[in-house]
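S.K.: Once you've had a glance at the structure underneath, I'll fire off some questions.
The values are calculated or read from the model by the stated rules, or taken from the named source; none is laboratory data. Keep in mind that this is a model prediction, so the values were computed, not measured. Ideal geometry is used to build each Cβ from the backbone, glycine not excepted, and the neighbour counts take in all protein chains shown. These accessible areas exclude ligands, DNA and RNA; they are computed on the full protein's heavy atoms, side chains included. Shrake-Rupley method; radii C 1.70, N 1.55, O 1.52, S 1.80 Å.
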Amino acid sequence: MIRNIEKLSKEHTLDPKNWDNLIALGHNMLDDMMNFLKNIRKHEIVPISEEVIAKIRQPVPLKSQGYEETYKEFLEHVFPYPVPGMHPHFWGFVMGTGSPLGVLSEMLAACMNSNGPNYFTPYHIENQVIEWLKEILDYPQDASGVLVSGGSMANFTGLAVARNAKAQVDIKKQGVQDIQNKMVLYTSKEGHKCLTRAIELLGLGNESLRLIPVNEKFQIDIKSLETAIKEDKRAGFHPFCVIGNAGSVNTGAFDDLISLADICEEKDMWFHIDGAFGAWAKLSSTHNYLTRGMERADSLAFDLHKWMYMPYEIGCTLVRDKEAHSKTFIYEAEYLENIFERHEAPNYSVQLSRNFKALKAWILLKADGIEKYAQIIQQNIDQAYYLAELIENRHELELVVPVSLNIVCFRYINENLSDEKLNDLNAQLLMHLWFNGMIPSYTTLNGKYTLRVSITNHRSIKEDFNNFVEEVVRIGNSVLSNQIE
Ligand SMILES: *Cc1c(COP(=O)(O)O)cnc(C)c1O
């Protein structure tokens, strides 16, 4: 007698009872999504209200409220308030725009729900994408690579390999506890904060990341770097790595990568590059010279969700020394034997289960072609220089730093106001711009509050920048006259 049979008299599943209804709902969703993107230029950017937030706060749903009802709620309370990175007037931070085909690719990947070994396609598609990325970025073809969630994870991954490869102890076995000569590494003051966090998580302590001063172009000052390394050596520390910035987040500055590569080679240090968005300058006919030396990095971190316009999340780490890479992350477990004999990805990243993010990269690269991406990246660079010219032609505005890539840093000025007053005025100006649906962000450069337009947007057109400058001057003038009153 089988006792448990009773319990199974009614079995449950998440598949729908009525497939036709779900398919119809799916078609509606698709229509709604594509129409939203089609009309994105007319989308009014509105921040979420307290009222909507209150509506989102609800008790744990115990019973089904149904598919249609849930989708209706999504349309009412969620969909209207995206982070509007896909809007043609969004140039804040370094925000990705995604693309309509990217949305569909995500859906295809979700359907395959793949998290698997080399017996199936996801492994081979990821390999193919990595091969392409190496070729596009001129990185050595025998390097290893892995797709990760984004720039932060890509940097963390590269720096983990750097730490293990250059430690004077067996880090995997002993951890950082037994290190005698404190490991130190270097990047410029303009380095992204995710680098600091990576170093903290790697157990090295953020003091070990030396933040080197920059020159007037916001590039790492090579002399200061060399002095710092020398002094650290003299003090008994172990300088093991230099992190180059290929496109800094504040201004888009590129360090002199060739000099950094030379220094690392000479001193037997690991050369890591944070090329989150900037690595893609490789595709620009006017600015690819900036990336010279990138191919010499021991590890290169970048993402595809910012300047390659792919939907979040997708980033990549390439590592010149395959073995150093897999030694760091190798994953040996009886329950996975056979599976990993040829499947290397889990040996290259922190994650075991991973979504099939390679699929969107594969589809988008094939469907659009890399030349299209090169054109739009070039267009963004040209737009940045165009905007800079518009700014230089207005006496009310000044560039705070010359444009070097796709980021324009400027401020509203008035000769009767102190720097402090100007900081205040520009902060107010930014808020007004946001409320008017134009979204730059800000940073502080040499103590000056600076508006920052970072163009990684395939939807912006010349006209948007003409209108933007008009708005900045109009609102700036009005804030100014309020201040004077
Ligand atoms: C955005 C950015 C990062 C972090 O990347 P995420 O994808 O946001 O994790 C790192 N470095 C630079 C220069 C960036 O612009």
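S.K.: For the ranges 49-57, 297-305, 257-265, what's the packing order if you count other beta-carbon atoms within 10 Å of each residue, average per peptide, and put the highest first?
M.R.: 297-305, 257-265, 49-57
S.K.: Could you derive backbone 3J(HN,Hα) for the stretch 304-321 from the dihedral phi with the Karplus parameters 6.51, -1.76 and 1.60 (θ = phi - 60°), listing whole Hz in sequence and x where the residue is Gly or Pro?
M.R.: 10, 9, 9, 7, 9, 6, 8, x, 4, 10, 6, x, 8, 10, 10, 10, 4, 9
S.K.: Let me ask something else about it. In the stretch 159-255, carbon and sulfur make up what percent of the accessible area (probe 1.4 Å)?
M.R.: 46
S.K.: What is the chain's relative contact order, in percent, from Cα pairs under 8 angstrom and six or more apart in sequence?
M.R.: Computed over the chain, the figure is 19 percent.
S.K.: How many nm is it between the label spots at Val169 and Ser285, if each spot is 7 Å from the Cα in line with the beta carbon?
M.R.: 5.5
S.K.: For the stretch 178-191, take each phi angle, set θ = phi - 60°, evaluate the Karplus expression 6.51 cos²θ - 1.76 cosθ + 1.60, and give the result in whole Hz per residue in order, putting x for glycine and proline.
M.R.: So the J values, rounded to whole Hz, are 9, 5, 8, 8, 3, 7, 10, 9, 9, 8, 8, 4, 8, x.
S.K.: Report the charge-dipole magnitude of the stretch 188-341 in Debye, nearest 20, computed about the Cα centre from +1 at each Lys and Arg Cβ and -1 at each Asp and Glu Cβ.
M.R.: Here the size comes out at about 560 debye.
S.K.: Classify the chain: rounded, prolate or oblate, from the alpha-carbon gyration tensor (a ≥ b ≥ c, eigenvalue square roots; a/c under 1.5 rounded; otherwise prolate if a/b is larger than b/c)?
M.R.: Oblate is the answer for the chain, as a/c is 1.5 or above yet b/c matches or exceeds a/b.
S.K.: Next question, about the same structure. Any chance you could look up the accessible area of Met112 with a 1.4 Å probe, heavy atoms only, rounded to 10 Å²?
M.R.: Using a 1.4 Å probe on the heavy atoms, I get roughly 90 Å².
S.K.: If you don't mind, another one. By average Cβ neighbour count within 10 Å, what is the ranking of 348-354, 383-389, 65-71 from highest down?
M.R.: 383-389, 348-354, 65-71
S.K.: Which Cα, out of Gly151, Gly98, Ser64, lies furthest along the positive dipole direction of the chain (beta carbon charges, K/R +1, D/E -1)?
M.R.: It is Ser64.
S.K.: Okay, next question. Towards the positive end of the charge dipole of the stretch 264-373, with charges on Cβ (+1 Lys, Arg; -1 Asp, Glu), say which of Phe271, Thr286, Tyr348 has the farthest Cα.
M.R.: Thr286
S.K.: Which one, Leu209, Phe120, Gly247, projects farthest toward the positive side of the charge dipole computed for the chain from Cβ point charges (K/R +1, D/E -1)?
M.R.: Going by the charge dipole, the pick is Phe120.
S.K.: So, with +1 on the Cβ of K and R and -1 on the Cβ of D and E, and no other charges, what is the size of the charge dipole of the stretch 302-455 about its Cα centre, to the nearest 20 debye?
M.R.: On the way: 15 positive and 20 negative charges, 54 e Å.
Its charge dipole is roughly 260 debye.
S.K.: Using only protein heavy atoms and a 1.4 Å probe, report how much of Leu417 is accessible, in Å² to the nearest 10.
M.R.: Here the residue's solvent-accessible area equals roughly 30 Å².
S.K.: Then there's this: Can you tally the net charge around Ser418? Count Lys and Arg as +1, Asp and Glu as -1, for every other residue whose Cβ sits under 14 Å from the Cβ of Ser418.
M.R.: -1
S.K.: Assigning unit charges at the beta carbon (Lys, Arg +1; Asp, Glu -1) and nothing else, what dipole magnitude in debye, to the nearest 20, does the chain show about its Cα centre?
M.R.: 620
S.K.: Once amide H atoms are placed 1.01 Å from N in the peptide plane, what residues at a sequence separation of 5 or more from Asn181, or on another chain, have their amide H within under 5 Å of its amide H?
M.R.: none
S.K.: Something else now. Using the Cβ atoms and a cut-off under 11 Å, what net charge is assigned to the surroundings of Phe79, where Lys and Arg are +1 and Asp and Glu are -1?
M.R.: Every neighbour counted, the sum reads -2.
S.K.: With θ taken as phi - 60° and the coefficients 6.51, -1.76 and 1.60, list the Karplus ³J(HN,Hα) couplings across the stretch 192-198 in order, rounded to whole Hz; mark glycine and proline as x.
M.R.: So the Karplus estimates, Gly and Pro as x, are 5, 5, 5, 5, 4, 5, 4 Hz.
S.K.: While we're here: Quick one: net charge of Lys38's neighbours, Cβ under 14 Å, K/R +1, D/E -1?
M.R.: Charge balance near Lys38 sits at +1.
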